[in-house]
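The structure appears below as structure tokens.
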Amino acid sequence: MLFRSTAGDVRYRRDVHSASSYLSATEPIARFGLGGHSALEDVSVRWPDGRELELGTLEAGRVHRIAPSSLEATPAATVP
């Protein structure tokens, strides 16, 4: 998956892969350090099959679960 977003005048890009080598896996999480910004803006996700999902603005300090089956983001939890 490819995540693209902005926070203020800073642009972010994260590539998320679920596997890194033979018989291994990594947690498919994209983390963003936003400094003093309160949200990620213009968030978009491109799935490996080419579908794109525009999410708009996502609040900082939360875990947002994004699934290709639902094609929407749902807040999962507040990060302490």
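Listing for the model above:
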quantity	calculated
Neighbour net charge for Val43 - beta-carbon separation under 9 angstrom, K R +1, D E -1	-2
Added length on full extension, which subtracts the Cα-Cα distance from 0.36 nm per residue, Val63 to Met1	20.6 nm
Largest-first ellipsoid semi-axes for the stretch 19-64, taking √(5λ) over the Cα gyration tensor eigenvalues, angstrom	25, 16, 7
Accessible area, probe 1.4 Å, largest first, for residues His17, His37	His17, His37
Filtered chymotrypsin sites (Phe, Trp or Tyr not before Pro), the stretch 1-74: DSSP coil and at most 12 other beta carbons within 10 Å	Tyr22
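The values are calculated or read from the model by the stated rules, or taken from the named source; none is laboratory data. Since the structure is predicted, the reported quantities are computational estimates derived from the model, not experimental observations. Positions of Cβ are generated from backbone atoms using ideal geometry, with glycine treated the same way; all protein chains shown enter the neighbour counts. Quick note on the areas: whole protein, heavy atoms, side chains included, nothing else; ligands and nucleic acids left out. Shrake-Rupley method; radii C 1.70, N 1.55, O 1.52, S 1.80 Å.
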